[in-house]
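To start, the structure itself, in structure tokens.
The values are calculated or read from the model by the stated rules, or taken from the named source; none is laboratory data. This one's a predicted model, so the numbers in the text were calculated from it and none came from an experiment. Here the Cβ positions follow ideal geometry from the backbone for every residue, glycine too, while neighbour counts run over all protein chains shown.
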Amino acid sequence: MTDSQKTINKTVSITGSGLHTGQTGTLTFRPAKENHGIKFRRVDVEGQPVIDATIDNVISTDRGTTLGKNGVKIFTIEHVLAALSGTGIDNVLIDIDMEEMPIMDGSAIKYVEILEEAGIREQNEPKIYYTVDEKVVFEIPEKKIYISIEPAEKFSVEVEIDYETKVLGKQYAKLDDLKDFKTEIAKCRTFVFLHELEYLLNNNLIKGGDMSNAIVFVNKVVEQEELDRLAELFNKPKVKVKDIGILNNLDLYFDNEPARHKLLDLIGDLKLLGGNLLGKIKAVRPGHYTNTEFAKQLKHKIKRL
Ligand SMILES: [Zn+2]
């Protein structure tokens, strides 16, 4: 592998709301020099603290991956990191003026588009690649969670999900080459089950307001009264359950969009290892906890090419 490290040509910004806080803020990508890596900077906090996008700075994986250092936190970093992996960017400084990344449409596509709009350029150092000598497995058998990496010359990911619900069923997604990230994975949005959404809304844990940023699977009988209440919360004239068992707040881009989104999250979380990982990854029911625990284990087993 003799590719060069990459950064962006110019500074670009994007404004949006945080899913959990409902705050509106601006995220700015700035070009960075060779071997800088990916760093976040909280520009709304005194002293503008910088937090490196590394696995050691993960402090929570509850409904998203959160980085933190000296009491300063940044929530929901995974879609931004996935966009950086998907565009092959190694070095960038990300300014944010709130404690959460904007959720945008619940996918990574807006981030990919703005990074491409900035222009991506090659730098004067070779890319950093990591690989494994032998298979590494992380498992939680009682939760049917499995994730592994095997030695391979390029990066590929396979994801399988099955939550034992009829409406979502068993789904599978695969990405053989990061060059297909934009067309196959980037626009795949996050998903929730209706009962989880009700819990989050009732406990004030999401304040996104406009629910165009998550696929909502309905795995129980819902009364009209409840749908009317959701319509009010979603700011929609009418909410109904579509034949395929999702709410009508959006249309699916792919039948297996949820599995593809899990793959997106996994790519984003693995970016916390720094550099570019080579290997064949397989994951069953991955989530942010699994992804980051796997990355922590992997950190001690990868070697630089
Ligand atoms: Zn996600």
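A compact table of results
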{"item": "Long-range neighbours under 9 Å by Cβ, at least six apart or interchain, first residue free of Cβ contacts under 8 Å to residues at least 40 places away in the same chain within region 67-85, second assigned to a loop (DSSP other than H, G, I, E, B) and among the small types (G, A, S)", "result": "L67/A53"}
{"item": "Neighbours by Cβ (under 8 Å, 6+ apart or cross-chain): first from region 180-199, in contact (Cβ under 8 Å) with a residue 60 or more places away in the chain; second away from the ligand (no atom under 12 Å from the Cβ) and among the polar types (S, T, N, Q)", "result": "F181/S85; F181/T87; K182/T87"}
{"item": "Count of region 115-136 residues which are among the hydrophobic types (A, V, I, L, M, F, W, C) and out of contact with any Phe, Trp or Tyr (no Cβ under 7 Å at 6 or more places or on another chain)", "result": "4"}
{"item": "N213 being away from the ligand (no atom under 15 Å from the Cβ) and in a loop (DSSP other than H, G, I, E, B)", "result": "no"}
{"item": "Subset of region 68-80 (residues that are crowded, with 24+ Cβ neighbours inside 10 Å and over 16 Å from T21 (Cα atoms))", "result": "E78, H79, V80"}
{"item": "Some residue of region 33-55 being touching a residue at least 60 places away in the same chain (Cβ under 8 Å), over 15 Å from the mean Cα position of the chain (by Cα), more than 27 Å from H300 (Cβ to Cβ) and away from the ligand (no atom under 16 Å from the Cβ)", "result": "yes"}
{"item": "One residue from V80, V72, V112 being at pLDDT 95 or above and farther than 26 Å from T183 by Cα", "result": "V72"}
{"item": "Complete set of residues in region 228-256 that are more than 14 Å from V167 (Cβ to Cβ) and acidic (D, E)", "result": "D228, E232, D251"}
{"item": "All positions within region 229-283 that are out of contact with any helix residue (DSSP H, G or I) (no Cβ under 9 Å at 6 or more places or on another chain), of a type outside the set (V, I, T), in a loop (DSSP other than H, G, I, E, B) and more than 16 Å from the ligand (Cβ to nearest atom)", "result": "N235, K242, D243, G245, N248, D251, D255, G275, L278"}
{"item": "Region 158-173, residues that are in a loop (DSSP other than H, G, I, E, B), surrounded by fewer than 18 Cβ atoms within 10 Å (Cβ to Cβ) and not charged (D, E, K, R)", "result": "Y163, T165, V167, G169"}
{"item": "Among the candidates F138, F75, residue that is in contact with an Asp or Glu (Cβ under 8 Å, 6 or more places away or on another chain), away from the ligand (no atom under 16 Å from the Cβ) and not β-branched (V, I, T)", "result": "F138"}
{"item": "In region 181-201, residue farthest from the ligand (Cβ to nearest atom) [restricted to those that are surrounded by fewer than 21 Cβ atoms within 10 Å (Cβ to Cβ) and over 23 Å from Y163 (Cα atoms)]", "result": "T183"}
{"item": "Residue in region 286-293 that is assigned to a loop (DSSP other than H, G, I, E, B), at pLDDT below 95 and out of contact with any Ser or Thr (no Cβ under 9 Å at 6 or more places or on another chain) present", "result": "no"}
{"item": "Any hit, region 109-117, residues being β-branched (V, I, T), surrounded by 15 or more Cβ atoms within 10 Å (Cβ to Cβ) and within 13 Å of the ligand (Cβ to nearest atom)", "result": "yes"}
{"item": "Strands (runs of 3 or more DSSP E) contained entirely in region 1-112, each with at least 1 residues that are in contact with a helix residue (DSSP H, G or I) (Cβ under 7 Å, 6 or more places away or on another chain)", "result": "4-8, 12-17, 24-31, 38-42, 50-52, 58-60, 66-69, 92-96"}
{"item": "Qualifying positions in region 178-219 - among the hydroxyl-bearing types (S, T, Y) and either farther than 25 Å from T87 by Cβ or modelled with pLDDT under 85 (or both)", "result": "Y199, S212"}
{"item": "Test result for R41, of a type in the set (K, R), crowded, with 17+ Cβ neighbours inside 10 Å and at negative phi", "result": "yes"}
